[in-house]
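Notes for the one structure printed next.
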Amino acid sequence: MTDAASPTTGGPRHVAVIMDGNGRWARARGRPRLFGHHAGAKRVREVVNACPDLGIKYLTIFAFSTENWKRTQTEVAGLMSLFRRYITKEARALRDEGVRVRFIGDRVRLDDKLIKLMDELEELTAGNDLVHLTIALNYGSRDEVARAIQRLAYEVAEGGLDPADVNEDTLTRFLDTHVLPDPDLVIRTSGEARISNFLLWQSAYAEYEFIDTLWPDFTRDVFAEVVAGYGKRDRRFGAVSG
Ligand code: IPE
Ligand code: IPE
Ligand code: MG
């Protein structure tokens, strides 16, 4: 039995978070949406640093979706600039705190400067193992699966893979998340009860928590409370508990 399929009690090993509600948080204060995104970015380190005490080894956060390009040019440019500044400013602290950072999503639409910063941060933190932080940037689950299948198809065409050997594990190996375990718990803030194209394949058996708190108000204590709630759930993976 693999890790992901073993019924367990206790805490989640991999938590994924849809960080939603920055815009509403700003609007409630009469401020522009980007003000909310900046407040949201400030929460990330606090949440990452809470992970070891909560027994969480993997944290995956949704920062920008393949659908978020539909927002105004001002907001998109502001977010891209925030990502660049965030990486530049936080890189050393993340390294010193034992955080290994990875990015998932399609890089083709991102600007070269941002891609370079992402590569450098992955490299800088590659030796760390305390917390594995994965940042989903220009990520969409359907896009990820389509890209995975394209790579798989090329491998078949080149003779490196026999179509008869294609199964769940093969496909999983082509996903952006191939080095990560499946999420045990997916949290979405801001009261929306939808997935918005996040980790669809990987979350087949995840527990979901939809909470009303807006992302900039998501403190370490709120996080701990949601994680404690997870411990009370009975994960059966299709079997009978007992
Ligand atoms: C989530 O907050 C952050 C991103 C999608 C980048 P939103 O910007 O979606 O905030 P709301 O949902 O409009 O409040
Ligand atoms: C999901 O939030 C994407 C991120 C948190 C990055 P959205 O705010 O974009 O999702 P919808 O539009 O409400 O579904
Ligand atoms: Mg939103």
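Is it true that Ala63 is of a type in the set (Gly, Ala, Ser), within 11 Å of ligand 1 (Cβ to nearest atom) and either surrounded by fewer than 17 Cβ atoms within 10 Å (Cβ to Cβ) or in a strand (DSSP E or B) (or both)?
Details: of a type in the set (Gly, Ala, Ser): yes; within 11 Å of ligand 1 (Cβ to nearest atom): yes; either surrounded by fewer than 17 Cβ atoms within 10 Å (Cβ to Cβ) or in a strand (DSSP E or B) (or both): yes.
Yes, satisfied.
Pull up the stretch 66-102, narrow it to residues that are of a type outside the set (Gly, Ala, Ser) and part of a loop (DSSP other than H, G, I, E, B), then point me to the one that is nearest to ligand 2 (Cβ to nearest atom).
Applying the first criterion (of a type outside the set (Gly, Ala, Ser)) to the stretch 66-102 yields 66-76, 79-80, 82-90, 92, 94-97, 99-102.
Now narrow it down to the ones that are part of a loop (DSSP other than H, G, I, E, B): 66-67, 71-72, 97.
Details: Thr66: 9, Glu67: 6, Arg71: 8, Thr72: 13, Glu97: 23 Å.
My answer is Glu67.
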Next on the checklist: Looking for something of a type in the set (Phe, Trp, Tyr) and either within 16 Å of ligand 3 (Cβ to nearest atom) or assigned to a loop (DSSP other than H, G, I, E, B) (or both) - is there at least one such residue anywhere in the stretch 103-121?
Outcome noted: no
Next on the checklist: Please determine whether any residue of the stretch 215-235 is farther than 22 Å from Asp106 by Cα, assigned to a loop (DSSP other than H, G, I, E, B), free of Cβ contacts under 8 Å to residues at least 60 places away in the same chain and within 16 Å of ligand 3 (Cβ to nearest atom).
Outcome noted: no
Checklist entry - Would you pick out the residues in the stretch 42-60 that are of a type outside the set (A, V, I, L, M), buried (at least 20 other Cβ atoms within 10 Å of the Cβ) and in contact with a Cys (Cβ under 9 Å, 6 or more places away or on another chain)? => result Tyr58
Checklist entry - In the stretch 178-211, which residues are assigned to a loop (DSSP other than H, G, I, E, B), in contact with a Lys or Arg (Cβ under 7 Å, 6 or more places away or on another chain) and within 16 Å of ligand 1 (Cβ to nearest atom)? => result Ser190, Asn197
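Considering only residues that are assigned to a loop (DSSP other than H, G, I, E, B) and of a type in the set (A, V, I, L, M), look in the stretch 14-49 and name the one that is farthest from ligand 3 (Cβ to nearest atom).
Ala28
Only the coordinates and a few stated rules stand behind these numbers; no lab work does. These figures come from a predicted structure and were not determined experimentally. With ideal geometry, Cβ positions are generated from the backbone for all residues, glycine too; neighbour counts draw on all protein chains shown.
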